[in-house]
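Enquirer: One structure, as structure tokens, below. Some questions next.
The values are calculated or read from the model by the stated rules, or taken from the named source; none is laboratory data. Quick caveat, the model's predicted, so the values are computed rather than measured. Cβ placement follows ideal geometry from the backbone for every residue including glycine, while neighbour counts extend to all protein chains displayed. These area figures cover heavy atoms from the full protein model, side chains too; ligands, DNA and RNA do not enter into them. Shrake-Rupley method; radii C 1.70, N 1.55, O 1.52, S 1.80 Å.
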Amino acid sequence: MTEFLYSIDVAVFHFLNGTIANPVGDFLWPLITDYDRFLAVRILLLCTWVLLVVKGGSRGRTAALLVIPVLFLADQLSSSVIKMLVARPRPCHEVSGVPVVQGIHMLVTCGPGLSFPSSHAVNNFAVATLFSSYYRKWRGAFYAWASLVALSRPAVGVHYPSDILGGALIGVAVALAVVLSWNALCRRYIPRIAVTATGPPPP
């Protein structure tokens, strides 16, 4: 059963990484997968965070506040706990000099990190879930971007599809846990000033 599931994982990986590969994707996927490393994007994200704090009202300030523990918990859980426990090599790694998966269309450096889960998927789906809880009108856009970033990982050759699926589920779970915990805390201790994911408290 395990071998069968792995064979499906590899087949879908090859489809995303090689079968549908094209020059446009070869140019865009590396940019999407590492979008947060560009200085201009980092400045834009920081300005957006500051704008939420200053001009976003109670809802914006709450989302800006919660994104800090959400990202911290999501990243630490995926990178420092689950990856260490699963210890799955990336498809582009070599074991005893032999590539784990043959015929990979590499678009970025493989890197030394482990494979499951994809931290890109964990972090981006965690943020998408958090902001979807407070800005439901934009839920589709948040999840569309998170999905695009997640799909970029097998496209550039560094993660299996199951890595991004597992990462997405972990990210959603972490964000929901933080939001629900915040809502419970607000209802119990600070109901007059809190904004929960379901809207502002009654007057």
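Enquirer: Using P(r) over Cα pairs in 5 Å bins from 0, in percent as the read-out, say which of (1) 1, 7, 13, 18, 18, 14, 10, 8, 5, 3, 2, 0, 0, 0; (2) 1, 6, 12, 13, 12, 11, 10, 8, 7, 6, 5, 3, 2, 2, 1, 1, 0, 0; (3) 1, 7, 15, 19, 19, 14, 8, 4, 3, 3, 2, 2, 1, 0, 0 was calculated from these coordinates.
Expert: Looking at P(r) over Cα pairs in 5 Å bins from 0, in percent for this model, the match is (1).
Enquirer: Hey, what's the chain come to in accessible area per residue, 1.4 Å probe, Å²?
Expert: Ligands and nucleic acids excluded, the figure is 56 Å² per residue.
Enquirer: On a 0 to 90 degree scale, rounded to 10, what angle separates helix 119-134 from the longest Cα axis of the chain?
Expert: 30
Enquirer: Counting only C-alpha contacts under 8 Å and six or more residues apart, can you give the relative contact order of the chain as a whole percent?
Expert: 27
Enquirer: Can you give me the % of accessible surface on the range 52-154 that is carbon or sulfur? Probe 1.4 Å, all protein chains present, nothing else counted.
Expert: Carbon with sulfur: 66 percent of the solvent-accessible area.
Enquirer: What nm value, rounded to one decimal, do you get for the distance between V108 and L73 when each label is placed 7 Å out toward the C-beta?
Expert: 2.6
Enquirer: Let me ask something else. Go through the chain and flag any cysteine with no other cysteine's C-beta closer than 4.7 Å, please.
Expert: Lone cysteines by the Cβ rule: C47, C186.
Enquirer: Using 0.36 nm times the number of residues separating R136 and S80, minus their current alpha carbon distance, what extension gain do you get?
Expert: Stretched out fully, the R136 to S80 stretch lengthens by 17.0 nm.
Enquirer: Are there chymotrypsin sites (Phe, Trp or Tyr not before Pro) in the range 1-65 that DSSP marks as loop and that have at most 15 other Cβ atoms within 10 Å, and which are they?
Expert: F38
Enquirer: What is the extension gain from D34 to A11, computed as 0.36 nm multiplied by their sequence separation minus the C-alpha to C-alpha distance, in nm to one decimal?
Expert: 5.8 nm
Enquirer: With a 1.4 Å probe and all protein chains kept in place, how much accessible area does S80 have, in Å² rounded to the nearest 10?
Expert: Roll a 1.4 Å probe over it and S80 shows about 60 Å².
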